[in-house]
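See below for the structure under consideration.
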Amino acid sequence: MVELLAPAGTWDALEAAVNAGADAVYLGGKRFNMRLHRRDANFDDAALARAVAFTRDRGARLYVTVNNLVSEAELPALRDYLAFLQEIGPDALIIQDPCLLELVREMGLTLPLHASVMMNTHNEAAVRTLQAYGVTRVVFNREMTLSELTLIRERTGIELEYFVHGDMCVAHSGQCLHSGVVFGQSSNRGRCLKPCRWPYGFTAAGKPLAAERDPGPYKLALKDMCLYLHLPQLIQAGVVSFKIEGRMRTADFVGRITGLYRRAIDRYLADPAGYAADEAEWRELHAGRARDFTTCYAFGNPGAGAVDFSGAREPRFFSQAVKEASAAVPAAGLPSGGEGSPASRPLLSVRVADMESLAAAYGNGADVAYVGGEAFKPAKPWTLAEIAAAARLAEERGAALVVTTPRITAARECGELAAPLRSLEEMRPHGVMVSNPGALRLAAELTTLPLYADFSFNLFNSLTARWLQNQGVSRATVALEATGTQAAAMAAASPLPLEVVVHGPLEAMVMDYCLPRALLGNGTQPGLCRDVCRGGDFALTDSAGESHAVKVDQYCRNHILFARDLCLAGRLAPLAAGVGAFRIEGQHYGPGHVGEVVAAYRRELDRAAVPEALPFAPRPMGIGVFRYEASR
Amino acid sequence: MHDIGILQLTQHLDDAVRGFKAGLAEGGADAAFTYRSADGNAALLPALAAELAGRGVELIFACSTPAAKAAVELASPIPVVFTPVFDPAGAGLLAAGKATGMAGMVPAEAKVAFMRRLLPGARTAGVLYHDSDANAVLEAENFRAAAAGTYEIINFAVSRSDHLSTLDERLAVRPDVLFLPIGRVVEENFATVAYYAELAGVPVVASSPANVAAGALGALAADHYKLGYACAGQAARILAGADPGSLPVGRADEPDVFLNAAAARSLGLVLPADLVAIAREVYE
């Protein structure tokens with residue numbers, strides 16, 4: 001089976017898609033849906049019911065996107081909405097938040113589930129977990145190649161859906177926090193303001209890129225995906241659903257693109273060996289393009305070739321860079337004095353990059369330390385011997401050591417997880433922290449240690465916490481896009497103890513596109529990066545004058561940091577009641593600084609001192625999404 | 001059956017297209033439409049206009065000033081009906097005598113009066129506009145003239161969209177209200193304007209309903225659907241044989257009020273009840 005899947009943001013687009021030969025259409029309601037910027041787009045309940053009837057009459061399938069993170073306050077309305085969807089009976093729901101997995105099971109719904117690209121599914125183990133919850137199809141990460149997809153399909157039997165055309169994210173989908181943290185408008189809640197489309201300068205070791213080397217200001221501006229010329233490879237790779245992006249597009253656009261792909265697919269299926277792409281149709285597609293085209297990661301990492309640095313064809317912008325919210329406004333601090341018993345007080349945890357920092361963290365009162373996972377150049381990854389030494393140090397100090405795993409675990413990283421997880425059984429650290437559903441499944445299979453879920457699970461409500469608990473997690477980290485109010489509401493209802501990140505550099509984006517390689521290496525030529533990232537001191541500078549450090553990990557992924565480190569010192573009071581642990585992200589700090597920051601938060605948690613102006617800043621500090629009452 | 005081409009700059013103006021089609025249908029015109037959109041990229045408009053001409057359309061309905069220009073500049077004598085165009089004469093659309101339409105301009109006097117009702121205490125008004133957008137420059141000028149004696153005006157001109165990134169420095173003078181004339185650059189990047197205005201506690205009066213939905217306090221704006229609907233009347237007369245050059249350009253005579261209650265709350269303001277009563281929409 002090959003399915004051509006078209007987007008519809010309006011009724012006109014729905015009709016255009018079906019008339020142009022789409023086998024299936026995906027669209028969203030007015031609620032719990034991406035693409036919420038436009039009030040005139042998307043379908044109200046009556047229109048959704050009509051859309052189900054319309055597509056059924058026309059022999060097409062209809063998938064409803066329920067692909068948002070859901071806040072605690074929205075859960076009751078979500079239950080109503082799901083009951084309504086079950087009643088009208090679309091052919092599937094496309095979901096992001098794992099709370100949907102939990103709810104669909106709890107409510108006994110029979111609708112098939114498809115995992116949205118926003119779930120960032122990129123390994124076999126994650127697919128198996130999703131399958132156990134009735135997910136029949138996965139919209140895989142755009143970072144995956146066709147050969148990786150084929151392998152996963154053969155091993156799991158999952159239906160493969162893959163984007164073939166349209167506007168794509170440069171960062172890992174579902175893991176981009178830039179818009180949500182800075183503007184309070186989350187890309188995981190359909191409100192992305194597209195910071196990846198801003199102009200940026202680039203510095204290496206503090207020096208701006210030489211003008212003759214600078215290919216242009218739009219350093220993250222990905223071209224549009226187009227696999228029109230590669231339909232045979234897609235079909236042979238076993239991709240069953242060819243997804244066209246564009247729920248904000250016009251009926252005219254949707255009809256035209258759908259028709260072009262329809263005719264090509266039909267001609268190929270009728271005579272595969274005799275197929276050649278139709279030149280006139282390709283010229284029409286190309287001439288009508290908005291941005292230039294790229295095949296993204298379908299055939300491997302495209303590097304700088306997938307980016308249009310000039311910005312010349314950028315159709316529109318959604319925002320311009322802003323100065324991030326400062327932490328300079330004085331904060332009240334936790335009420336001092338002996339409220340509450342020490343036993344009920346939250347833990348203080350810290351992530352560190354090396355043994356010296358670990359010693360400093362424990363020496364200044366950290367209860368828990370995280371080691372392992374990504375090492376950012378020039379740092380080296382933690383060896384098993386170092387982890388063993390860290391576990392011994394933790395034991396001496398009466399503190400806990402938790403070993404982390406990388407945020408993204410594609411085939412290579414999953415392959416490298418098994419051996420260390422088995423070794424940890426002997427070293428007996430106090431737990432393993434995982435960052436995605438696949439790594440969670442592998443860890444649950446391979447170790448008996450307690451499991452912790454990191455922020456990259458985008459925990460936004462207590463039902464997702466319940467889902468994590470059902471997967472064997474014993475403490476979970478709140479999404480970095482949740483505001484103080486939202487985190488407190490989640491913590492009050494969560495069956496699991498929750499951890500909130502309160503200090504440190506946070507990552508706005510994580511991407512497989514390597515900026516140092518694109519700008520300092522032989523950007524577009526494969527295999528010639530010359531290890532230009534080894535010095536590790538890179539940054540993007542935006543038009544507000546802010547500098548975003550770019551960190552390169554051992555897997556060549558780039559992590560773009562916010563300009564300001566999060567600093568919630570003095571702002572913990574609303575969280576103190578229900579939160580199990582407060583975390584400092586100290587991985588980009590030296591040992592001395594780790595010690596100072598840990599000591600300051602220790603004093604606040606022990607209610608010994610309300611923090612004064614914070615002297616411990618190698619980088620500017622801000623309050624991130626805590627500026628807002630609620631992330632939209 | 002009339003073949004009508006629709007030349008669109010961006011789908012955000014498609015309400016005008018809906019009004020246009022509805023108006024023609026209600027007038028009993030039997031028409032087939034060919035719609036071409038530049039998807040925001042104005043540079044594509046001349047080629048799209050030529051494509052419509054090549055298909056032999058009898059009339060082009062052009063949405064936006066650049067679309068109207070592309071249609072009027074075609075060598076062929078195809079009549080053009082346009083909206084929303086802020087300044088049709090200034091944009092040179094009328095010289096060839098083959099175009100008419102509905103101007104989208106809401107008179108500056110009406111905007112000043114709206115602001116007076118919305119924020120009676122305001123004395124200083126910042127005007128934030130893109131200084132290479134002729135429409136924005138013209139409306140800023142009109143506004144300054146209409147506001148003389150009412151507001152002390154502070155000009156915030158930006159010559160590039162990314163200059164909005166340092167708007168905070170210019171807002172340090174704290175105008176009592178920030179007015180945004182029409183203009184694509186400021187409208188599209190409104191999130192950045194809203195971000196800084198909120199930090200500075202400055203209410204924003206916009207010219208686009210979309211900006212009100214996204215956090216501006218209010219706007220007085222022409223309804224694109226109604227403009228498109230009125231254009232249908234002009235188109236019907238042209239299709240019946242009238243000379244487009246002889247049909248006067250109409251203008252928005254009943255603009256709509258848009259308000260944002262959440263923005264008012266966060267500014268500690270109460271929306272005047274008389275404005276709420278006539279508002280087309282009060283966003284939450």
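The values are calculated or read from the model by the stated rules, or taken from the named source; none is laboratory data. Just so it is clear, the structure is predicted and the values come from calculations on it, not from any experiment. Cβ coordinates were reconstructed from backbone atoms using ideal geometry, including for glycine residues, and neighbour counts include every protein chain displayed. With ligands, DNA and RNA removed, areas are computed over all heavy atoms of the protein, side chains included. Shrake-Rupley method; radii C 1.70, N 1.55, O 1.52, S 1.80 Å.
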TODO: Could you work out how far helix A:384-397 tilts from the main Cα principal axis of chain A, as a 0 to 90 degree angle to the nearest 10?
DONE: 40 degrees
Open item on the list: Students often forget the sequence filter, so: which lysines lie under 18 Å Cα-Cα from B:Lys98 once same-chain residues fewer than 8 apart are removed?
Closed with: B:Lys69
Task: Estimated vicinal HN-Hα couplings, Hz - segment B:54-69 in sequence order (Karplus 6.51, -1.76, 1.60; Gly, Pro = x) - done: x, 7, x, 5, 8, 7, 10, 9, 10, 9, 4, 5, x, 5, 5, 4
Open item on the list: Taking amide H atoms as placed 1.01 Å from N in the peptide plane, list the residues 5 or more away in sequence, or in a different chain, whose amide H sits under 5 Å from that of A:Leu160.
Closed with: A:Val240, A:Ser241
Open item on the list: Net charge around B:Gly101, counting only other residues with Cβ within less than 14 Å of its Cβ (Lys, Arg = +1; Asp, Glu = -1)?
Closed with: +4
TODO: Could you go through segment B:70-83 in sequence order and give the Karplus-derived ³J(HN,Hα) for each residue, using 6.51 cos²θ - 1.76 cosθ + 1.60 with θ = phi - 60°, rounded to whole Hz, and x for Gly and Pro?
DONE: 4, 6, 5, 7, 4, 5, 6, x, 4, x, 10, 10, 10, 5
Task: Folded to 0 to 90 degrees: helix B:190-200 orientation relative to chain B principal axis, Cα - done: 10 degrees
- [ ] Quick one: Debye curve from the alpha-carbon atoms of the protein assembly as shown only, equal weights, vacuum; give me log10 I(q)/I(0) at q = 0.08 Å⁻¹ to two decimals.
- [x] -0.78
TODO: Specify the inter-centroid distance of segment A:115-159 and segment A:526-582, based on alpha-carbon positions, in whole Å.
DONE: 28 Å
Task: DSSP beta bridges in the protein assembly as shown [antiparallel fraction, %, rounded to 5] - done: 20 percent
Open item on the list: Using 0.36 nm times the number of residues separating A:Arg412 and A:Arg50, minus their current alpha carbon distance, what extension gain do you get?
Closed with: 125.7 nm
Task: Value of relative contact order over chain A, rounded to a whole percent, pairs C-alpha under 8 Å and six or more apart - done: 17 percent
Task: Amide H within-cut-off set for A:Ser543, under 5 Å, with H built and near neighbours excluded - done: A:Ala321
TODO: May I ask you to evaluate 6.51 cos²θ - 1.76 cosθ + 1.60, the Karplus curve with θ = phi - 60°, for each residue of segment A:295-307 and list the ³J(HN,Hα) values in order in whole Hz, giving x for glycine and proline?
DONE: 9, 6, 9, 3, 10, x, 5, x, x, 5, x, 8, 10
TODO: Once you have the Kirkwood Rh of segment A:97-159 from its Cα pairs, apply Stokes-Einstein at 37 °C and 0.692 mPa s and quote D in µm²/s.
DONE: 274 µm²/s
TODO: May I ask you to derive the FRET efficiency for A:Glu596 and A:Glu396 from their Cβ-Cβ distance with R0 = 30 Å, giving the value to the nearest 0.05?
DONE: 0.85
Open item on the list: Strictly greater than 16 Å: what percent of every Cα pair in segment A:548-603 meets that?
Closed with: 56 percent
- [ ] First measure r as the distance between the Cβ atoms of A:Ala493 and B:Glu284, then evaluate 1/(1 + (r/R0)^6) with R0 = 30 Å and state the FRET efficiency to the nearest 0.05.
- [x] 0.75
Task: Solvent accessible area, Å² - A:Thr121, 1.4 Å probe, full protein context - done: 10 Å²
Open item on the list: Under the rule of at least 5 residues apart or a separate chain, name every residue whose amide H is placed under 5 Å from the amide H of B:Phe82.
Closed with: B:Ala62, B:Thr100, B:Gly101, B:Met102
Open item on the list: If I model a spin label as a point 7 Å beyond the Cα along the Cα-Cβ vector, how far apart are those points for A:Thr448 and A:Ala83 in nm?
Closed with: 4.5 nm
TODO: Under 20 Å between C-alpha atoms is the cut-off here; go through chain A and count lysine pairs that meet it, provided they're at least eight residues apart or on different chains.
DONE: 11
Open item on the list: I want to check the label-to-label distance for A:Ala379 and B:Glu109. Put each point 7 Å from Cα in the C-beta direction and report it in nm to one decimal.
Closed with: 6.7 nm
Open item on the list: Tell me the angle of helix B:14-26 to the major Cα principal axis of chain B, expressed in degrees between 0 and 90 and rounded to the nearest ten.
Closed with: 50 degrees
